[in-house]
Amino acid sequence: MKSPVKNFSMSNHGLNRRKFIQGVGATGALILTANWSWAEQAEEKKYGGDSQPGGVKHDPRIFIAIHEDGRVDITCARVEMGQGIRTSLALVVADEMEADWEQCRVIQAPGDRVIYGNQNTDGSRSMRHWFSPMRRCGATARAMLEQAAADQWQVAVSEVVAANHAVSHAKTGRSLAYGALAGTMESVSVPDSATVKLKDENDHRYIGREQTLSADGMDIVSGSATYGADVRFDNMVYAVIARPPCLGSRAESWDDSETLKVPGVIRVMAIKSAAIPTAFSPLGGVAVVAENTWAAMRGRDALKVKWSSSPNDGYESGAYRKVMEEAALKPARVLREQGDLDKAFAEADKKHQASYYLPHIAHATMEPPVATALLKGNFLEAWTPTQAPQEARSTMAAHVGMAEDKTRLNITLLGGGFGRKSKPDFLCEAAEIAVAMPGRAVRVQWTREDDLAHDYFHTVSVEYLAASFDQQGKTTGWLHRSVAPSIMTVFMESEYQADWESNMGHNNTPFAVPNQRIENATAQAHTRIGWFRSVSNIPRAFAVQSFVNELAQQSGRDHLEFYLELLAEDRVIDPLDVNDVWNHGENPELYPIDTGRLRRVIQKAAKKAGWGKKLPAGRGLGLAVHYSFVSYVAAVLEVEVAAGGRLVVHNATMAVDCGPQINPDRIRAQMEGSCVMGIGLALSGEISFRDGRAVQSNFDGYQIPRMPQAPRSLSVHLVDPGKEVELGGVGEPGLPPIAPALCNAIHAATGKRIRALPIGDQLA
């Protein structure tokens, strides 16, 4: 059997969680692991700790292996999907332990809850939750290397210094490379974490420095990196699955006579159907297993399946939009009440209202879902691109009725994730077939059509807003009513959005308006709903930032000036004061909402974009700003609407305050990617439904952004928070302000108001 990976190391050092250090016998490798609680991390005020509502959460164990040849292996327990986390976290360790980056290699940890703790890579939290432990892990390694050298030279440890992959003794001029110390480390005691000294900020070589180092870049551009579809075994088989056309349908019967005639087809078998709510279980259907993917696809084409009826057979997205729009105009469940909104509206000199619509959108990752599984004896091993290794492993084990300790899950690089690959339904499909075919590796491959038809779609949404003005033009009242099926419908019956969904630009709006009411209306789900990059911040930012632009126009004010007036004086808002009990999973004492930081990012973006400059006819500037994942991002877009409605984005200017900037290059890259993705979604991102089925089936109907749609110029400005604050998120906060900035720019250029996405042919 051939190795399933190419130049992408997967390793489980197999350490007992109660041990901090374990020698690796004749290999001469030192392995370190770290385990720090939130309470311990929070003592380090510089970058804060790892908070979760409900108590202390232990961070994952982090491993370092030093080999006799000088190579340093750094295990990363979070997964790589293009955001650069394998590089960024490894750089933190390398910096603190004074390792030479050129001699470091990143090892991908398998899914293991006991050893690594929480590996779920979502919520833009990997760096802010792992920075402190990985710093301490690196610093502890440095301290132990210094101790090992001091012991060997019989000198005081205070006389030796580790720097640039070696430990030196200035008095005698002696020096030992890290590799020379690897074999002597077993005798070194692990120092108390309280005694380990972290490097001074000014001494950092990698942390916070401008550099473009990458752990995976060369493998990716050379084609040698291992993604899900790159896993290979001798004698492996391939499967594709005919899945129910709409949620809740099942395969009642099938005729596989023609399928079995296709050369290469081995067998046809049922996949267990999940009841609604499905959670992360497969939808069910009929699998065609073959010697190659093409034969499996041809076999599926020849399969005749009779599907049962479903309670969602009648789902039609156009009709449901009208239902939601009607609900948005009626009073709903109140989430937050401040002042007397009814009185403010009754006494208003002027009022304005508007509704905004966003359709279902698909993740459409460049790499469709794929998983490989192999049952040997009573042990099941799998390889897949997943954002949630532990959830995937436990769900897979439960799906096939095996104990979790009889399984192993290896993680490949992800060709995009955006939240889709947090759901392991495709892994469960591979495991189910592998259990039915022991001894042969089975790969389940989704096609693009499968991907778009059976996604966990971003929710459809209608956002209704109304505001009132007094005679002086001041905003006196604010009403925001949201109607959207909840992600929680995947797990349970739910008519309302969860608190954490409401606290994404809805319930935690930071405006200093004296009278406010935030409401949530009921909405039913008719397809699988899942988290998508930035989740409910997308529709909320689009609605709120578009509405602010409308209010500014209604009052005859400049948009930037009007927005700053809504923010009023700089304030630090306790999230609990606005019923934000979730606060992106962070301690509200460490992560308040800071309107001064919002003000600074929007002012920075506006200044750099030349806000207020005179533009040619048909061109306009639009701005938007949003707080999400405890970071602050503003965007200003300059667009031209040419003949026939052709849209050209001439310039995009972004400003981001994510707190301490650990890897500036990756921060900029995430903002740039968010900008291009946001423009693409605004222009053509829509999955519509007819007879319960997704209408769009490939990139001809569901278009991703093309090069001509990308900004001709894109600049990202990193804003210093101006005070000591905690780490914020980076992967998701850049997406929400893009669509409203684009639509506000279109209005400035043409006078046309866009209140429904995608823009599509609205400019024609």
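The single condition among (1) at pLDDT 95 or above; (2) under 30 Å from W307 (Cβ atoms) that S713 does not meet is (2).
Here's the yes/no breakdown for (1) touching a strand residue (DSSP E or B) at 6+ places or on another chain (Cβ under 7 Å); (2) in contact (Cβ under 8 Å) with a residue 40 or more places away in the chain; (3) surrounded by 19 or more Cβ atoms within 10 Å (Cβ to Cβ); (4) assigned by TED's automatic domain parsing to the domain that holds R78:
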{"site": "K171", "(1), (2), (3), (4)": "no, no, no, yes"}
{"site": "S175", "(1), (2), (3), (4)": "yes, no, no, yes"}
{"site": "M185", "(1), (2), (3), (4)": "yes, yes, yes, yes"}
{"site": "Q211", "(1), (2), (3), (4)": "no, yes, no, yes"}
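Counted as qualifying within the stretch 471-581 are the helices (runs of 4 or more DSSP H) with 2 or more residues that are of a type in the set (G, A, S) and either touching a residue at least 60 places away in the same chain (Cβ under 8 Å) or more than 30 Å from D450 (Cα to Cα) (or both), namely 537-554. For the stretch 367-378, the condition holds for no residue, the condition being that it is of a type in the set (G, A, S) and more than 30 Å from F426 (Cβ to Cβ).
Restricting attention to the stretch 518-527 and to residues that are surrounded by 22 or more Cβ atoms within 10 Å (Cβ to Cβ) and not hydroxyl-bearing (S, T, Y), the residue that is nearest to the chain's Cα centre (by Cα) turns out to be A525. All told, E325 falls short of being more than 30 Å from F511 (Cβ to Cβ) and in contact with a strand residue (DSSP E or B) (Cβ under 8 Å, 6 or more places away or on another chain).
Results for (1) over 30 Å from Q387 (Cβ atoms); (2) among the basic types (K, R); (3) assigned to a strand (DSSP E or B), shown as yes or no for each residue.
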site: A239; (1), (2), (3): no, no, yes
site: S249; (1), (2), (3): no, no, no
site: L260; (1), (2), (3): yes, no, no
site: G299; (1), (2), (3): yes, no, no
site: V305; (1), (2), (3): yes, no, yes
site: S310; (1), (2), (3): no, no, no
site: Y320; (1), (2), (3): no, no, no
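Across the stretch 626-648, the number of residues qualifying as part of a strand (DSSP E or B) and crowded, with 24+ Cβ neighbours inside 10 Å comes to 12. On the basis of being at pLDDT 95 or above and either in the same structural domain as N508 (by TED's automatic domain parsing) or outside any helix (DSSP H, G or I) (or both), does L380 make the cut? Judged against the criteria, L380 is a match. Cβ-Cβ contacts under 9 Å between residues 6 or more apart (or on different chains), taken from a first residue in the stretch 324-336 that is more than 20 Å from N515 (Cβ to Cβ) to a second residue that is surrounded by fewer than 19 Cβ atoms within 10 Å (Cβ to Cβ) and polar (S, T, N, Q), are listed as A327/T522.
If the condition is being within 29 Å of the chain's Cα centre (by Cα) and polar (S, T, N, Q), then the stretch 254-287 contributes S273, T278, S281. Comparison of G673, G760, G728, G734 shows that the only residue that is farther than 29 Å from Q553 by Cα, in a loop (DSSP other than H, G, I, E, B) and touching a residue at least 12 places away in the same chain (Cβ under 8 Å) is G728.
Within the stretch 411-446, if we keep just the residues that are of a type in the set (V, I, T) and crowded, with 22+ Cβ neighbours inside 10 Å, the residue that is nearest to E291 (Cα to Cα) turns out to be V442. Taking the stretch 501-517 as the range and being among the hydrophobic types (A, V, I, L, M, F, W, C) and surrounded by 24 or more Cβ atoms within 10 Å (Cβ to Cβ) as the test, only M504 passes. The requirement of being among the aromatic types (F, W, Y) and either on the phi > 0 side of the Ramachandran plot or in a loop (DSSP other than H, G, I, E, B) (or both) is fulfilled somewhere in the stretch 435-447, by at least one residue. Quick check on my filter: what residues within the stretch 578-616 are of a type in the set (G, A, S), at pLDDT 95 or above and surrounded by fewer than 24 Cβ atoms within 10 Å (Cβ to Cβ)? G596, A606, G610, G612, listed by residue number. Would you call K607 assigned by TED's automatic domain parsing to the domain that holds V639, free of Cβ contacts under 8 Å to residues at least 40 places away in the same chain and assigned to a loop (DSSP other than H, G, I, E, B)? Taking the combined requirement at face value, the residue does not satisfy it.
Against the test of being of a type in the set (V, I, T), in contact (Cβ under 8 Å) with a residue 12 or more places away in the chain and over 17 Å from R646 (Cβ atoms), the options I754, I687 yield a single qualifying residue, I687.
In the set (1) on the phi > 0 side of the Ramachandran plot; (2) surrounded by fewer than 18 Cβ atoms within 10 Å (Cβ to Cβ); (3) assigned by TED's automatic domain parsing to the domain that holds G505; (4) not charged (D, E, K, R), G760 fails one condition alone, (3).
Within the stretch 271-291, the residues that satisfy the criterion of being touching a strand residue (DSSP E or B) at 6+ places or on another chain (Cβ under 6 Å) and either exposed (fewer than 15 other Cβ atoms within 10 Å of the Cβ) or part of a strand (DSSP E or B) (or both) are I271, G285, V286, A287, V288, V289, A290.
The values are calculated or read from the model by the stated rules, or taken from the named source; none is laboratory data. Predicted model, so just to flag it, every value in this text is computed and none were measured. Glycine gets a Cβ as well: all are built from the backbone with ideal geometry, and neighbour counts include every protein chain shown.
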